Structures are given as structure tokens and as C-alpha cells.
Amino acid sequence: QRYFILKTYILNITRAKSSDASLKSLEVTNFNINPEFDSETLEYTLTIDPYTKSLDIISKASNENANIKILANSNFKVGQNIVTIQVIAEDGTIRNYILNVIKQASTNNYLSSLDIDNYDITNEFNKNITEYYIEVENDVKTLKLTGTPEDSLSTVEGNGIYSLQTGENEIFITVTSE
């Protein structure tokens, strides 16, 4: 009868962590990036309208074990904003993809309404007419004026209560677009 003596050898193999911090794909819902996506291109530009608050960024890392962080993707100001898509490889290698986000300013400087306490000009109000004539009785000493901007991004100056002098009074309401 034969006896076998076994000897086991153990191989400890360490597989290096991936250093691949590239993106496989990058899209921004409802917007086109320029240039077209290429994993080796690290900077892109897109233009957004005045009402966009944040971007819906769809990105996929080339390596499934990499992590993606999206930085500064909200509260855009008019002009250039930078959104960073940071890809972190398994081994800690970081690659940043930059989106230069150009936010357009609103150009709407219209009023949606002009209210004058105790006087109804609703039927007369037209956002394209910028001068109105109102006659008040002599006992009216003050008027409260409220102009409401058509665009929530616009500002109105001149709202308030005005003391009236006998005769003609000129009051200015100014709407400034974003």
C-alpha cells in the first residue's frame, strides 16, 4: 500500500487596483455639450437658459469600480459657471472633467401688471405701453403703486407710496431684466 504525503503551496496574489479614472459616457439631459463627448477630452461647454437651476448629468465611468462625484451643479449665475465631474479610480487616481456652463441672462423687462390703489387700470394695462395718465380728486394726497414683473428674475424699482402735489406728478417704475 502506498502512502502519499501532500504538501500544499499557497500563492498569495495581489491584483493591483485600477487606475482608470476615465468616463465611458457623459450626457446632459436637454442640452448639447461641445465638443461631442470623448473620454480623452476633459473640457466641454454648454449654454443654458436663465431658468435652469441645475443640470441632469448622466455619466458612466469606464471602470465599474470607479466613483463619480459631480461638483458645483446648482445656483448658476449669469455668465460662466464651472461644473466638475470628478472620477475617482479604485487606486485613488482622480480625473476631472469640466463643464463650462454659460447661463444666459433673461432679457424680459416687462410688467405683468401695474396696480394703483383705488384705481383700476387692468383693462387699460398693456405691457407694451409705458405711459399712463390718471386723474385723481384734489383730496387724494397719496397713491400706492405696485408693478409686478412678468419675469420672476427681473426687478422692479419704484414700487411704493407716493405723496402727490397739486398738478402734474411724474412717477417712474423701472423694470430691470436679470
Exercise. Out of curiosity, is I171 part of a loop (DSSP other than H, G, I, E, B), over 28 Å from D49 (Cβ atoms) and within 37 Å of the chain's Cα centre (by Cα)?
Worked result: yes
For this session: Please identify the pairs in which a residue from the stretch 16-40 that is under 13 Å from N65 (Cα atoms) has its Cβ atom under 6 Å from the Cβ atom of a residue that is surrounded by 16 or more Cβ atoms within 10 Å (Cβ to Cβ) and among the charged types (D, E, K, R), counting only partners at least 6 apart or on another chain.
Result: K17/E90; S18/E90; A21/R95
For this session: Give the residue that is most open to solvent (accessible area, probe 1.4 Å), with candidates limited to residues of the stretch 133-145 that are closer than 23 Å to L111 by Cβ and among the charged types (D, E, K, R).
Result: E135
Problem set entry | In the stretch 10-46, residue nearest to N96 (Cα to Cα) [restricted to those that are among the polar types (S, T, N, Q) and modelled with pLDDT under 95] | T14
Problem set entry | Condition broken by T130, with the remaining ones in (1) surrounded by 12 or more Cβ atoms within 10 Å (Cβ to Cβ); (2) modelled with pLDDT under 95; (3) within 11 Å of Y110 (Cβ to Cβ) satisfied | (1)
Exercise. Which residues, counting only those in the stretch 38-60, are touching a Leu at 6+ places or on another chain (Cβ under 6 Å) and either over 19 Å from I82 (Cβ atoms) or open to solvent by 50 Å² or more (accessible area, probe 1.4 Å) (or both)?
Worked result: S39
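The values are calculated or read from the model by the stated rules, or taken from the named source; none is laboratory data. What you are looking at is a predicted structure, and each value in this text was computed from that prediction instead of being measured. Please note: Cβ atoms are built from the backbone with ideal geometry, for glycine as well, and neighbour counts cover all protein chains shown. Note: areas computed on protein heavy atoms with side chains; ligands, DNA, RNA excluded. Shrake-Rupley method; radii C 1.70, N 1.55, O 1.52, S 1.80 Å.
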